[in-house]
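**Student:** Next up is a structure, given as structure tokens.
The values are calculated or read from the model by the stated rules, or taken from the named source; none is laboratory data. Source: prediction; values computed, not measured. Cβ placement follows ideal geometry from the backbone for every residue including glycine, while neighbour counts extend to all protein chains displayed. Calculation scope for accessible area: heavy atoms of the full protein, side chains included, ligands and nucleic acids excluded. Shrake-Rupley method; radii C 1.70, N 1.55, O 1.52, S 1.80 Å.
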Amino acid sequence: MGFYLIKRLVLMVPLFIGITIISFAVIHLAPGSPIDMATDLNPKATAEVKARLRTLYGLDKPLHVQYWNWMSRLVTFDFGNSFSQDGRKVTDKILERLPITIFINVFSLVFILLLAIPIGVLSATYQNSWFDRVTTVLVFVGFAVPHFWLALLLMILFGVHLGWLPISGLKSLNYEYLPFSTQIWDRVSHLLLPIFISASGGVAGLSRYMRSNMLEVIRQDYITTARSKGLSNQAVLFKHALRNALLPVITILGLSIPGLIGGSVIFETIFAIPGMGQLFYASVMARDYPTIMGILVIGAVLTLIGNLIADVSYALADPRIRAA
């Protein structure tokens, strides 16, 4: 296992470099430039001003030179300064929004696991029962309903008509003047709808994966053997079947790690949450190359780590893979 980990870590280096090269080239080849975005609406921006800005941002150099300069800074964990008007360091902008996105997506992932795995197991155990049929219908509805549309409906219902939950931001305007217990509920109430919207699609997808895996596992010969030995139904399901049915789910969870910081442009924009998804969208619209590359680099690293964790977890859960 140790040699396998070392080999995978070494192979991640050229793969990461390839990802950065492709990402850097694609965002620079996209239509528009940060200079155009910053000066098109300014009638006083002359050609000389644009040329100075290009020199200031280093965009007057060839693309491979720009990449080399960027990679040289990246080695020291410096993403550079943003091309936006504030000119802040990209690292500071990311660290400012990262905790919010991680918090929401971690709670969303926990919510998905707590609901999807039991639903999938019960649906497979009681196949074609009323529970299986009802959850199947709800799952297909969850797949079919667009998240932005569902978010707007829930905002109208719980925020406008019933007035139970706030519909934007992370806290109320009078948050500082509220008692401590009320401040906690204020934070929770602001996060309920975003977490639910973020988790709705994941619950639908993961529960179907879990159901299909359990159906395949409980039909195996070793499950029949376990039942013939007189083991209880719970022991057969949770000791023998569930562990093997979780193997494909482990891979999915490993690949979901980048989503913990990637955020969601849709629900962060609708609910006015200043997270990573909103920052990435604003950076793309403004052609803020340093910020875009900073977020893409973090996503690429987490994707590679997620793949590694999924493979290692798969090996730990399945003795056959460890033997191979």
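**Student:** Give me the accessible area of I309, 1.4 Å probe, in Å² rounded to the nearest 10.
**Tutor:** 80
**Student:** Return the aspartates and glutamates within reach of K229: Cα separation strictly under 15 angstrom, same-chain partners fewer than 8 residues apart disregarded; answer none if there are no such residues.
**Tutor:** Counting by Cα, and skipping residues close in sequence, K229 has these aspartates and glutamates nearby: D221.
**Student:** Expressed in nm², what is the orientationally averaged projection area of the convex hull enclosing the Cα positions of the chain?
**Tutor:** 23.4
**Student:** In Å and whole numbers, how far do the C-alpha atoms of the range 173-288 stretch along each principal axis, longest first?
**Tutor:** The principal-axis extents, from largest down, are 64, 43, 17 Å.
**Student:** Please turn the phi angles of the range 289-304 into ³J(HN,Hα) values with the Karplus equation 6.51 cos²θ - 1.76 cosθ + 1.60 (θ = phi - 60°), one per residue in order, whole Hz, x for glycine and proline.
**Tutor:** Listing the rounded values in order: 4, x, 5, 4, 5, x, 5, 5, 5, 4, x, 5, 4, 5, 5, 5 Hz.
**Student:** Let me ask another. Could you order peptides 140-150, 191-201 by the average number of other Cβ atoms within 10 Å of their residues, highest first? Working shown, then result.
**Tutor:** Working: 140-150: 13.0, 191-201: 20.6.
Per-residue mean Cβ counts within 10 Å order the peptides as 191-201, 140-150.
**Student:** Search the structure for amide H atoms under 5 Å from the amide H of K89, placed 1.01 Å from N in the peptide plane, and list their residues when 5 or more places away or on another chain.
**Tutor:** S82
**Student:** Moving on to the next point. Let me have the relative contact order for the chain, percent, based on Cα pairs under 8 Å that are six or more residues apart.
**Tutor:** RCO, the chain: 26 percent.
**Student:** Could you tell me how many degrees, from 0 to 90 and to the nearest 10, lie between the Cα long axis of helix 2-29 and the main elongation axis, the longest principal axis, of the Cα atoms of the chain?
**Tutor:** 40
**Student:** Setting aside same-chain residues fewer than 8 positions from K61, which aspartates and glutamates have a Cα under 18 Å from its Cα?
**Tutor:** Partners within reach: D36, E48, D288.
**Student:** Quickly estimate the mean residue ellipticity at 222 nm for the chain, helices only: each DSSP H run with n ≥ 4 gives -39500 (n - 2.57), and the total goes over all residues, rounded to 500.
**Tutor:** -23000 deg cm²/dmol
**Student:** Whole angstrom only: what separates the Cα centroid of the range 40-105 from the Cα centroid of the range 7-23?
**Tutor:** 23
**Student:** Roll a 1.4 Å probe over the protein chains and send me the accessible area per residue for the range 131-221 in Å².
**Tutor:** Spelled out: the 1.4 Å probe surface of the range 131-221, per residue, equals 59 Å².
**Student:** Counting each pair of different Cα atoms once, what's the Kirkwood radius of the range 137-189 in Å, rounded to one decimal?
**Tutor:** That comes to 12.9 Å for the range 137-189.
**Student:** Cα axis of helix 130-144 to longest principal axis of the chain: angle in degrees, 0 to 90, nearest 10?
**Tutor:** So the inclination is approximately 10 degrees.
**Student:** Further question on the same structure: Please report, to two decimal places, log10 I(q)/I(0) for the range 146-228 at q = 0.14, 0.21, 0.27 Å⁻¹ as given by the Debye formula with identical point scatterers on the Cα atoms and no solvent.
**Tutor:** Listed by q, the Debye log ratios stand at -0.63, -0.98, -1.20.
**Student:** Please identify, among L15, L152, L173, the residue showing maximal mean-square fluctuation in a Gaussian network model of the chain using a 10 angstrom Cα cutoff.
**Tutor:** Highest fluctuation among the options: L173.
**Student:** Here's a follow-up. For the range 84-94, take each phi angle, set θ = phi - 60°, evaluate the Karplus expression 6.51 cos²θ - 1.76 cosθ + 1.60, and give the result in whole Hz per residue in order, putting x for glycine and proline.
**Tutor:** Values, residue by residue: 6, 5, 6, x, 6, 5, 4, 4, 5, 5, 5 Hz.
**Student:** Same structure, new question: Using the 2.2 N^0.38 Å rule of thumb for compact globular proteins, work out how the range 1-128 stacks up: its C-alpha Rg over that value, please.
**Tutor:** Working it through for the range 1-128, the quotient is 1.63.
**Student:** For helix 180-217, report the angle its Cα long axis makes with the longest principal axis of the Cα atoms of the chain; keep it between 0 and 90° and round to the nearest 10°.
**Tutor:** 60
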